[in-house]
Amino acid sequence: MASGEVISHIADSRDTHAGAAAGAAGATEAAAAGSGALRFVQVSDSHIGFQGPANTDVAGSFTEAINQVNSLGFRPDFVMHSGDLTHLSTAGQFDQVKQMMTSLKTDRVLTVPGEHDSIGDAGRAYRQTFGRGTLGDGWYSFDTHGVHFIALVNTLSLEKLGHLGNEQVDFVRKDLAGLSSDTPIVVFSHIPLFAMYPRWGWSTDDALKVIALLRRFSSVTCLNGHVHQLFSKTEGNITFHSATTTAYPLPKPGRAPAPTPQVVPARQLKDALGIRSVGYRQGDRQLAIKDQRLA
């Protein structure tokens, strides 16, 4: 498979979060070379096509994020873009972001859609570009390095909150049925699966149906985008991690009338943008997560 081939089949808390994860992440990364450990990268919310003062060059900052991924010092097993690849879901924007991601030095680039990737067409253009081999509206699962991954779509039937729907919940139920309870599970979605701030739509109305299916597993990690900032929360065996963006910051929950793009001094913009690397070795109880500002 060619380097960076884009496929989608079988496949405030910054300082506190980064500090809590730094030790585990560093240990995992240090031991990863030659150990057969899993290492992947999450990027999110590139919003290719956005035009506004919050970031006058989102393509440029996404290019910087790609270059940072390629400079990590290891080749990720895959890169996951967790949604809002585009800003207006036009064919040109999808083509642009797809072409940009071919330069990622990885064997697989995986995606889930954001609500900006389904404007006016219920996600059809997204699925034509990135949905090869997926099920339903674009969901799928895969296994690698002893970890089971599920990629969900909760951005299509929006009534403010994210929504999965019964068909997708049934997919998760059947997908998990044959797995041992000690299998590490990672779930990707765009909108959070926990109630981060429902007033702004930062939650998924039927997520508890999936959460209930995940309770029997000893280690579950849910990774999302959408909120353009780092945030983590643990509920029993399930840890939720929201990723930052490569485009522009959004306000912290409740600190503005609405979640609109925030204009910050140019020198501070990169501090609000970044990428996430994740490591895992078989036998570990948790994934090691390391968030990095855009260099």
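The values are calculated or read from the model by the stated rules, or taken from the named source; none is laboratory data. Values in this document were obtained by computation on a predicted structure and should not be read as measured data. Positions of Cβ are backbone-derived with ideal geometry, glycine not excepted, and every protein chain shown enters the neighbour counts. To get the accessible areas, we keep the full protein, side chains included, count just its heavy atoms, and leave off ligands, DNA and RNA. Shrake-Rupley method; radii C 1.70, N 1.55, O 1.52, S 1.80 Å.
In terms of solvent-accessible area of protein heavy atoms at a 1.4 angstrom probe, what is the ranking of Asp77, Asp291, highest value first?
Details: Asp77 45, Asp291 25 Å².
Output order, biggest surface exposure first: Asp77, Asp291.
Given 5 Å bins starting at zero, what is the percent of C-alpha pairs of the range 224-295 in each, up to the one with the largest pair distance?
3, 14, 22, 22, 16, 11, 7, 4, 1, 0
Each label point is 7 Å from the Cα along the Cα-to-Cβ direction; what then is the distance between the points at Gln99 and Leu208, in nm?
4.7
Using a 1.4 Å probe, what is the accessible area per residue for the chain, in Å²? Could the numbers behind the result be given before it?
Working: 11990 Å² over 295 residues.
Solvent-accessible surface per residue comes out at 41 Å².
Find how much the distance from Ser157 to Arg285 grows on full extension, using 0.36 nm per residue of separation minus their present alpha carbon separation; answer in nm with one decimal. Intermediate results must be reported in sequence, preceding the final value.
Working: separation 128, 0.36 × 128 = 46.08 nm, distance 3.45 nm.
Value of the extension gain: 42.6 nm.
Taking the alpha carbon gyration tensor of the chain, what are the square roots of 5 times its eigenvalues, largest first, to the nearest whole Å?
Numbers: eigenvalues 125, 100, 80 Å².
Over the Cα atoms of the chain, the semi-axes work out to 25, 22, 20 Å.
About the Cα centre of the chain, what is the dipole size in debye to 20, counting +1 per Lys and Arg Cβ and -1 per Asp and Glu Cβ, all else neutral?
Values: 26 positive and 27 negative charges, 93 e Å.
Here the size comes out at about 440 debye.
Taking R0 as 25 Å, what's the FRET efficiency between Asp271 and Tyr197 from their Cβ-Cβ distance, rounded to 0.05?
Values: r = 22 Å, r/R0 = 0.87.
Using R0 = 25 Å, I get an efficiency of 0.70.
For q values of 0.13, 0.20 Å⁻¹, compute log₁₀ I(q)/I(0) with the Debye formula on a Cα-only model of the range 107-222, without solvent.
Once normalised to I(0) and log-transformed, intensities are -0.49, -1.13.
Two decimals is fine: what is log10 I(q)/I(0) at q = 0.13 Å⁻¹ for the range 212-261, from a Debye sum with one equal scatterer on every Cα and no solvent?
-0.40
From the backbone phi of the range 266-274, what are the Karplus-calculated ³J(HN,Hα) couplings (6.51 cos²θ - 1.76 cosθ + 1.60, θ = phi - 60°) in whole Hz, Gly and Pro given as x?
3, 5, 9, 4, 5, 5, 8, 10, x
Restricting to the chain, what percent of DSSP beta bridges are antiparallel, rounded to 5? Walk me through the numbers before you get to the answer.
Values: 25 of 50 bridges.
Restricted to the chain, the bridges split so that about 50 percent are antiparallel.
Describe numerically, in nm with one decimal, the distance between label points set 7 Å from Cα along Cα→Cβ at Leu88 and at Gln128.
That separation, rounded to one decimal, is 1.7 nm.
Could you give the distance between the Cα centres of the range 212-234 and the range 105-179, to the whole Å?
What the calculation gives is 15 Å, centre to centre.
Please work out, to two decimal places, the log10 of the ratio I(q)/I(0) at q = 0.21 Å⁻¹ from a Debye calculation in which every Cα of the range 157-295 carries one identical scatterer.
Log-scaled intensity ratios, in q order: -1.30.
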